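Have a look at the structure below before the remarks.
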Amino acid sequence: MLEIKVNPDIRLAEQKEIIGHNRWHPDIPAIATVRPGEEIYVEALDFLDCQIANNDDVSDIVNIDLTRAHPLSGPFHIVGAEPGDLLVVDLLDIGPITPFGFTGIFAKENGGGFLTDYFPNADKAIWDFHGIYTTSRHVPGVRFAGLQHPGQIGTAPSMEMLHKWNAREAPLVAKGRATAPFADTAFLGSLKGADFDRVAAEACRTVPPRENGGNTDIKNITRGSRIYFPVYVDGANFSGGDLHFSQGDGEIAFCGAIEMKGFMKLGFDIIKGGVAKYKITNPIFVPGPMDVRFEKWLMFEGICVEDGIQYDMDATVAYRRACMNCIDYLTTQGFTGEQAYMLLTACPMEGRIGGIVDIPNCACTVALPLDIFDKSILPK
């Protein structure tokens, strides 16, 4: 079995072997070749590339360099994969390779997050792993099992698709709503010299999800999941990383999962011509049989009204209000707002759209598992 291992204490650019990259581009060389039916073992660094320490000092979050995200392991050339095919990826196993992970709130001036207007200052929580369970000295009074999953997983874009990404995102970069290439911190595998300079200038950051998969942050892509990816280049050039020990729906703090350095065991197959046959434009997946189960939940509703302003059928506002209603409630149970925020983004909470047709207010909910608390938090 092919094994790709990392030194968990050393950033991507300083690893002894070339094991990955942190940008999307079709010309990043594959680090290994895999045949359909083969299984591989792949380790990956955390999404902030070893910048966060296991301590109580929040300065590493304050001074974070977000342009180094995400160090992905790969690409892997899958023999026989061609544009228009579907790459079938089986996530056979996943887990941590260090005994702790972290959750962070980025400062408003350095990335922010879904609730940055309410929590503009940086903070962090370290989570200790105890088998399938986790606890945190920074968010005391809770213990839960994690639903481990890759936050980032996907295939390389074609040059045509890369140009489309850059063209449609360029106006948003100017508004601060998308990320510029930041060629100075690009790591492109074994590329050097003029090839490196060209690719670094053209490549897309790994921050948002796109047609190739990428940073989807879907917590239900876990052990036993099967994912079907569109193939855009010969060999597919599959990569993955940004591994999470646990996460709530939406990863609302941006650094909102329990980020971990970890491993994946993967299997591959190909469906020839699958993109056209099944009309695939984005990856589809089958959740695995593994799940975390809770007996009791407390649900919080939000509607698209904020600060007295009516936002006509805006589900983003409704979800934000559901999150804030939950956080405000948790502050009545002994948590600070920041602790509640980091708990909600890190635990396996469930997010839902309720009504999306009842003008002018759509409704969203977040469901908080009650079993994770060491005391009852229900109203009395």
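The values are calculated or read from the model by the stated rules, or taken from the named source; none is laboratory data. Worth saying up front: this structure is predicted, and the values here are computed from it rather than measured. Here Cβ is always computed from backbone atoms with ideal geometry, including for glycine, and neighbour counts include all displayed protein chains.
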Seminar exercise, completed: Looking across the range 169-206 at residues that are of a type outside the set (Ser, Thr, Tyr) and in contact with a Leu (Cβ under 8 Å, 6 or more places away or on another chain), the single one that is nearest to ASP93 (Cα to Cα) is PHE187
Exercise. Does LEU243 satisfy the condition of being touching a Gly at 6+ places or on another chain (Cβ under 6 Å), part of a strand (DSSP E or B), at pLDDT 95 or above and hydrophobic (A, V, I, L, M, F, W, C)?
Worked result: yes
Exercise. Out of all the residues in the range 10-23, which are over 20 Å from HIS244 (Cβ atoms) and either hydrophobic (A, V, I, L, M, F, W, C) or surrounded by fewer than 20 Cβ atoms within 10 Å (Cβ to Cβ) (or both)?
Worked result: ILE10, ALA13, GLU14, GLN15, LYS16, GLU17, ILE18
Exercise. When both residues are 6+ apart or on different chains and their Cβ atoms are under 9 Å apart, which pairs have a first residue that lies in the range 362-380 and is modelled with pLDDT of 95 or more, and a second that is of a type in the set (Lys, Arg) and not in a loop (DSSP other than H, G, I, E, B)?
Worked result: CYS364/ARG320; CYS364/ARG321; CYS364/ARG352; THR365/ARG352; VAL366/ARG352; ALA367/ARG352
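Quick grid of which residues meet (1) within 21 Å of the chain's Cα centre (by Cα); (2) in contact (Cβ under 8 Å) with a residue 60 or more places away in the chain; (3) surrounded by fewer than 21 Cβ atoms within 10 Å (Cβ to Cβ); (4) assigned by TED's automatic domain parsing to the domain that holds HIS149:
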{"position": "PHE187", "(1), (2), (3), (4)": "yes, yes, no, yes"}
{"position": "VAL207", "(1), (2), (3), (4)": "yes, yes, yes, yes"}
{"position": "GLU211", "(1), (2), (3), (4)": "yes, yes, yes, yes"}
{"position": "SER225", "(1), (2), (3), (4)": "yes, yes, no, yes"}
{"position": "TYR232", "(1), (2), (3), (4)": "no, yes, no, yes"}
{"position": "GLY240", "(1), (2), (3), (4)": "yes, yes, no, yes"}
{"position": "PHE245", "(1), (2), (3), (4)": "yes, yes, no, yes"}
{"position": "GLU259", "(1), (2), (3), (4)": "yes, yes, no, yes"}
{"position": "VAL275", "(1), (2), (3), (4)": "no, yes, yes, yes"}
For this session: Filter the range 68-121 for residues that are in contact with a helix residue (DSSP H, G or I) (Cβ under 8 Å, 6 or more places away or on another chain), farther than 23 Å from GLY235 by Cα and among the hydrophobic types (A, V, I, L, M, F, W, C) and give the result.
Result: ILE105, PHE106, ALA107, PHE114, LEU115, PHE119
For this session: Provide a single number: the residues in the range 304-320 that are in contact with a Phe, Trp or Tyr (Cβ under 9 Å, 6 or more places away or on another chain) and not polar (S, T, N, Q).
Result: 6
For this session: Return the only residue of THR281, THR332 being among the hydroxyl-bearing types (Ser, Thr, Tyr), modelled with pLDDT of 95 or more, in the same structural domain as GLN152 (by TED's automatic domain parsing) and outside any strand (DSSP E or B).
Result: THR281
Exercise. Which one is nearest to PRO29 (Cα to Cα), of the residues in the range 130-185 that are surrounded by 13 or more Cβ atoms within 10 Å (Cβ to Cβ) and of a type in the set (D, E, K, R)?
Worked result: LYS164
For this session: Kindly indicate whether any position in the range 25-46 is on the phi > 0 side of the Ramachandran plot, of a type in the set (Asp, Glu) and crowded, with 18+ Cβ neighbours inside 10 Å.
Result: no
Problem set entry | Sole exception among (1) buried (at least 20 other Cβ atoms within 10 Å of the Cβ); (2) in a loop (DSSP other than H, G, I, E, B) for ASN220, by number | (1)
Exercise. Which one of these is at positive phi and in contact (Cβ under 8 Å) with a residue 40 or more places away in the chain: MET313, MET290, MET324?
Worked result: MET313
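Yes/no per residue for (1) under 19 Å from the mean Cα position of the chain (by Cα); (2) under 17 Å from ILE258 (Cβ atoms); (3) among the hydroxyl-bearing types (Ser, Thr, Tyr); (4) in the same structural domain as TRP24 (by TED's automatic domain parsing):
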| position | (1), (2), (3), (4) |
| --- | --- |
| GLY112 | yes, no, no, yes |
| ILE126 | yes, yes, no, yes |
| HIS130 | no, yes, no, yes |
| SER136 | no, yes, yes, yes |
| GLN148 | yes, yes, no, yes |
| ALA156 | yes, no, no, yes |
| MET161 | no, no, no, yes |
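Quick one: is PRO71 at pLDDT 95 or above, under 24 Å from SER190 (Cβ atoms) and crowded, with 20+ Cβ neighbours inside 10 Å?
yes
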